[in-house]
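Remarks on the structure that follows.
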Amino acid sequence: MAPDAKGNVFITGAATGIGAATTKRLALAGYRVFAGVHREAGSLASIRGARPVTIDVTDPPSVENAAKVVAEAAGGDGLRAVINCAGVIVQGPFELVPPEEWRRQFEVNTLGPVHVIQAFLPLVREGKGRIINISAPTARVPVPFMAPICASKAALESFSGSLRVELGSWQIPVVVIEPGGTDTAIFAKADSAAQAAFSVADPAKVALYSKQLAAVGKAAAKQKLGPSDAVAKTIVDAVAARKPKRFYTAGSGVAIFNVLAHVPASLRERLIKTAFGLG
């Protein structure tokens, strides 16, 4: 590790969105960042202090190889943090989401962090570091037509809670961060995938949901999305903290989820229906 570096950090999903913004902030803050990318590194290669590392979080051999690359480069210093930022959104009526899309959702959002943590845990232990998992408010407050992403993030948060106790013997913090609505390409990709699924689904079933989908689309168009950098700042704070909190929220629109999480279920469901135009 360079003499002036604060520590080594590995982050997945570093090429775009929140991952890219976090990589830039970490590098500027003086960390040496191993930036996990699935395919193209994009602009990351030009960031001083960031080194792209190829990884497919759904493929354990790829993850193991990435861990070996980072271990060799870290040279015995270990990792200050592992940040599981890679993610996808699968959306649409439950009835119309193909099995392979359900599988893709959990392979990236839930099993991906499992594979990464298993492979990189020795480096975290060596560096007396912490694990940071990027979740979503819908893990606690599920919403209609987003069942796959809600379920995958709920599983990730449950896993994080269990892992936190397991790793307590080594004083390894496990942090969950829930970003609010963020202006990234992930939503456009999710919409394209949903439209592709609708195009091959039973037209009669698709027609059943036409009014609901129109209402949800109208509600979504009103959503205000915040910048990725606002979330990146919170992630970097969690990396830097001497004693990080178990749970952080960041970005736009999280406050309403915090409120909804504590109201009676019947009232919460009525409020969600109204918000999505499904009342």
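Taken as Cα centroids, segment 15-94 and segment 114-162 sit 16 Å apart, rounded to the nearest whole angstrom. Among the trypsin sites (Lys or Arg not before Pro) in segment 1-50, those located in a DSSP loop and surrounded by at most 11 other Cβ atoms within 10 Å of their own Cβ are R39, R48. P(r) tail, segment 44-138: Cα-Cα pairs separated by more than 22 Å, 36% of all pairs.
Here K211 is the anchor, and the lysines within straight C-alpha reach of less than 16 Å, apart from those fewer than 8 places off in the same chain, are K273. Evaluated at q = 0.14 Å⁻¹, the base-10 log of the normalised Debye intensity for the chain, with identical point scatterers placed on the Cα atoms, takes the values -0.98.
Mean separation of Cα pairs under 8 Å and 6 or more residues apart, divided by the residue count, gives segment 118-171 a relative contact order of 30 percent. How much of the calculated P(r) for segment 67-191 lies past 19 Å, in percent of all Cα pairs? Above the 19 Å cut-off, segment 67-191 has 50 percent of its Cα pairs.
For K233, the lysines whose Cα comes closer than 23 Å to its Cα, not counting residues fewer than 8 places off in the same chain, are K6, K24, K128, K153, K224, K243, K245. The average projected area of segment 58-108, computed from the convex hull of its Cα atoms over all directions, is 4.4 nm². Relative contact order, whole percent, for the chain stands at 19, derived from Cα pairs under 8 Å and 6 or more residues apart. Relative contact order of segment 135-279, taken over Cα pairs closer than 8 Å and 6 or more residues apart, is 33 percent. Against the empirical 2.2 N^0.38 Å (N residues), segment 228-279 has a Cα radius of gyration ratio of 1.54.
A simple count of charges around R140, restricted to other residues whose Cβ falls under 10 Å of its Cβ and scoring Lys, Arg +1 and Asp, Glu -1, yields -1. By the count of other C-beta atoms within 10 Å, a proxy for reagent exposure, C85, C150 are ordered fewest to most as C150, C85. Ordered by the number of other Cβ atoms lying within 10 Å of each residue's own Cβ, fewest first, H262, H115, H38 fall into the sequence H262, H38, H115.
According to the Cα-based calculation, Rg over Rh for segment 1-71 is 0.96, with Rh computed by the Kirkwood formula. A quarter of the convex hull surface defined by the alpha-carbon atoms of segment 127-279 gives 10.8 nm² as the mean projection. Positive end of the dipole of segment 152-279 (Cβ unit charges, origin at the Cα centre): among P179, V259, G217, the Cα lying farthest that way belongs to V259.
Readers should treat all values here as calculations from the given coordinates under stated rules, not as data from a laboratory. Nothing here was measured: the structure is a model prediction, and the numbers come from that model. Glycine also receives a Cβ, built like all others from the backbone with ideal geometry; neighbour counts cover every protein chain displayed.
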